[in-house]
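Remarks on the structure that follows.
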Amino acid sequence: MNTEQVIEAIGTVLHDHMKHAHVERFGPEARLNEDLYLDSVLILEIFLSLELEFGLAAPEEAINRQDIETVRELAQLFTGEASVAAERSAPAGEGVHGEDYIDIKVHCFVSSVCDALKRSGIDQRPFYFSVWDAGFAINERWQLAYHDKSINHDFFHAWYQRLYGVGMHCWYDPARSKDQNLVVMLDLLERKRDSEYLMVMLDLFHLPERENKFNQNPFPHYLMIEKTDDPKIWQVNDPDFRWEGQIARDKVIHAIRQPTVGGGYIFDRLEARVPAATDLRDFFLACYQPDHNPLVDGVRRIVAAHLDGRDGVKLADLGAALREVPVISIRKYAYEHGFAFFWREMKLANADFDHWCDQIERVIQDFKTLHYAVMKLAQTEDHSLADDVFCRLDTLDGLEKRIKAHLGEAFQAWCATKGIPHTLPAELLGAAE
């Protein structure tokens, strides 16, 4: 097939196989995310349909391409006409030690509270220790979920206060109605000081003005709101997606009122202080699981459950069960924050830092190709493909454990520079457990 024929095949997949809601915007130059609202999972579905229905198999590296923006560029991956992917460029200037080092955002709650630290001149990177293995849920239908009623932010809340001395007041009360919580929020918005952050959880799916790479429904998400001179307009600050701008007040309230979401905090960044080294040590140890990778293990359990038909689930349901793998796997970029903190503190070599960043990037991309293999297993219901899925999980498990091992070595070296033991004192072990 030539490029035009592949474009036609993509259109057929969207219209006939996926019944895509935004297919009327389809065309060769249509942007995948902004025009067609195709997130990474839907694009993988296109890859899979083209392979199974049209015999068009793209090379594995094509699945990991992040620089493809239009339908034509997607089609060219299958014809060999796509431009060569740009290599990840090394940080400019002083690399990890420079002020131009890229600040990665991978968790809406953590990114929001870290924005306050950064604006106060405090290094926010250590707080991302809490993100690489942050909690998720596996529900009774063996489905992976990044947002669930069983998940709360108490761990983040407690450690933020201990590390940085910032008192976080949870203004949202689930025992109150939506309207009652909204009244509380509006009152806080009227009275808050300029240095205070008013965080609220809303359903980002209901703010279509906000283009993002995860077009999922629902999409629970924390961000901050401020008043403007116009009472009908609010200023919205979303550090996790590096977006700041103005949105109509009524639209924001509509997204807050959705039954899929509920949560909010208020805190003052002027209370923030530099954390004690011993507190940072205890925090690292509270987050560090060198011999256990919860996401890999969770995916393995879900795949096994669907292969066995446990609790009535079917293998065909596996793709939907693991749909949120991309949302959770990007948290692995938090490892880079960990390395950056220790490298900057100890002034270690940029080249070594870049090597481990490449390994972290490989984890993210390996999760993406794993997800594709899982979707193929689900759609074909071919049990013989399971061996490849489990092999990929084993590879990911080993790679992530190597990253953790080296990060642990850096942590121990950092503790030595601070003159503190790298293990919890005996009197604190019971409390940590």
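Considering only the stretch 115-156, state which residues are charged (D, E, K, R), over 22 Å from Gly167 (Cβ atoms) and without any contact (Cβ under 8 Å) to a residue 24 or more places away in the chain.
Passing the criteria: Asp148, Lys149.
Listed residues Leu407, Leu370, Leu307; which is aliphatic (A, V, I, L, M) and under 22 Å from Leu285 (Cβ atoms)?
Answer to the check: Leu407.
Only residues that are assigned to a helix (DSSP H, G or I) and not polar (S, T, N, Q): list them for the stretch 30-42, please.
Result: Val41, Leu42.
For the stretch 14-41, which positions are farther than 16 Å from Glu73 by Cβ and among the aliphatic types (A, V, I, L, M)?
Listed by number, the residues that qualify are Met18, Ala21, Val23, Val41.
Out of the residues in the stretch 395-417 meeting the condition of being under 22 Å from the mean Cα position of the chain (by Cα) and acidic (Asp, Glu), tell me which one is nearest to Arg300 (Cα to Cα). Steps first, please.
Pass one, the stretch 395-417, residues under 22 Å from the mean Cα position of the chain (by Cα): 395-404, 407.
Now narrow it down to the ones that are acidic (Asp, Glu): 397, 400.
Values: Asp397: 10, Glu400: 15 Å.
Taking the candidates together, the pick is Asp397.
Would you confirm whether or not the stretch 276-285 contains a residue that is of a type in the set (Val, Ile, Thr) and surrounded by fewer than 20 Cβ atoms within 10 Å (Cβ to Cβ)?
Yes.
Residue by residue through the stretch 370-394, note down the ones that are polar (S, T, N, Q) and surrounded by 14 or more Cβ atoms within 10 Å (Cβ to Cβ).
Selection gives Gln379, Thr380.
Take the residues in the stretch 123-155 that are of a type in the set (A, V, I, L, M) and in contact with a helix residue (DSSP H, G or I) (Cβ under 7 Å, 6 or more places away or on another chain); name whichever of them is surrounded by the most Cβ atoms within 10 Å (Cβ to Cβ).
Val131
Looking at (1) surrounded by 20 or more Cβ atoms within 10 Å (Cβ to Cβ); (2) more than 19 Å from Lys401 (Cβ to Cβ), can you tell me which one Gly312 breaks?
It fails just one condition, (1).
Which of the residues that make up the stretch 159-174 are more than 13 Å from Ala116 (Cβ to Cβ) and either of a type in the set (Val, Ile, Thr) or at pLDDT below 95 (or both)?
Pro174 - this is the single residue of the stretch 159-174 that is more than 13 Å from Ala116 (Cβ to Cβ) and either of a type in the set (Val, Ile, Thr) or at pLDDT below 95 (or both).
Quick one: in the stretch 43-74, which of the residues that are out of contact with any Phe, Trp or Tyr (no Cβ under 6 Å at 6 or more places or on another chain), aliphatic (A, V, I, L, M) and assigned to a helix (DSSP H, G or I) is modelled with the lowest pLDDT?
Here is the first cut: in the stretch 43-74, the ones out of contact with any Phe, Trp or Tyr (no Cβ under 6 Å at 6 or more places or on another chain) are 43, 45-55, 57, 59-62, 64-74.
Applying the additional criterion that residues be aliphatic (A, V, I, L, M) yields 43, 46, 48, 50, 52, 57, 62, 68, 71, 74.
Subset that is assigned to a helix (DSSP H, G or I): 43, 46, 48, 50, 52, 62, 71, 74.
Numbers: Ile43: 90, Ile46: 92, Leu48: 93, Leu50: 93, Leu52: 92, Ala62: 81, Val71: 93, Leu74: 93.
Going through the qualifying residues, I end up with Ala62.
Run down Val236, Val252, Val274 and say which single residue is free of Cβ contacts under 8 Å to residues at least 60 places away in the same chain, of a type in the set (Val, Ile, Thr) and not in a helix (DSSP H, G or I).
Val236 is the lone residue from the list that is free of Cβ contacts under 8 Å to residues at least 60 places away in the same chain, of a type in the set (Val, Ile, Thr) and not in a helix (DSSP H, G or I).
For the stretch 215-233, which positions are acidic (Asp, Glu) and in a loop (DSSP other than H, G, I, E, B)?
Answer for the stretch 215-233, where residues must be acidic (Asp, Glu) and in a loop (DSSP other than H, G, I, E, B): Asp229, Asp230.
For Trp171, indicate whether it is surrounded by fewer than 18 Cβ atoms within 10 Å (Cβ to Cβ) and outside the structural domain of Ala286 (by TED's automatic domain parsing).
yes
Listed residues Asp282, Asp291; which is under 22 Å from His157 (Cβ atoms) and charged (D, E, K, R)?
Result of the check over Asp282, Asp291: Asp282.
Please go through the stretch 157-178 and give me each residue that is outside any loop (DSSP other than H, G, I, E, B) and either touching a residue at least 24 places away in the same chain (Cβ under 8 Å) or in contact with a Cys (Cβ under 9 Å, 6 or more places away or on another chain) (or both), ordered by number.
Of everything in the stretch 157-178, those that are outside any loop (DSSP other than H, G, I, E, B) and either touching a residue at least 24 places away in the same chain (Cβ under 8 Å) or in contact with a Cys (Cβ under 9 Å, 6 or more places away or on another chain) (or both) turn out to be His157, Trp159, Tyr160, Arg162, Leu163, Tyr164, His169, Cys170, Lys178.
Starting from the stretch 290-314, take each residue that is farther than 22 Å from Pro326 by Cβ and in the same structural domain as Glu381 (by TED's automatic domain parsing) and list its partners that are among the acidic types (Asp, Glu) and not in a helix (DSSP H, G or I), counting only C-beta distances under 9 angstrom and pairs at least six apart or across chains.
Close Cβ pairs (under 9 Å, with a partner that is among the acidic types (Asp, Glu) and not in a helix (DSSP H, G or I)) amount to Asp311/Glu140; Lys314/Glu381.
The values are calculated or read from the model by the stated rules, or taken from the named source; none is laboratory data. All values reported here derive from a predicted model rather than from experimental measurement. Here Cβ is always computed from backbone atoms with ideal geometry, including for glycine, and neighbour counts include all displayed protein chains.
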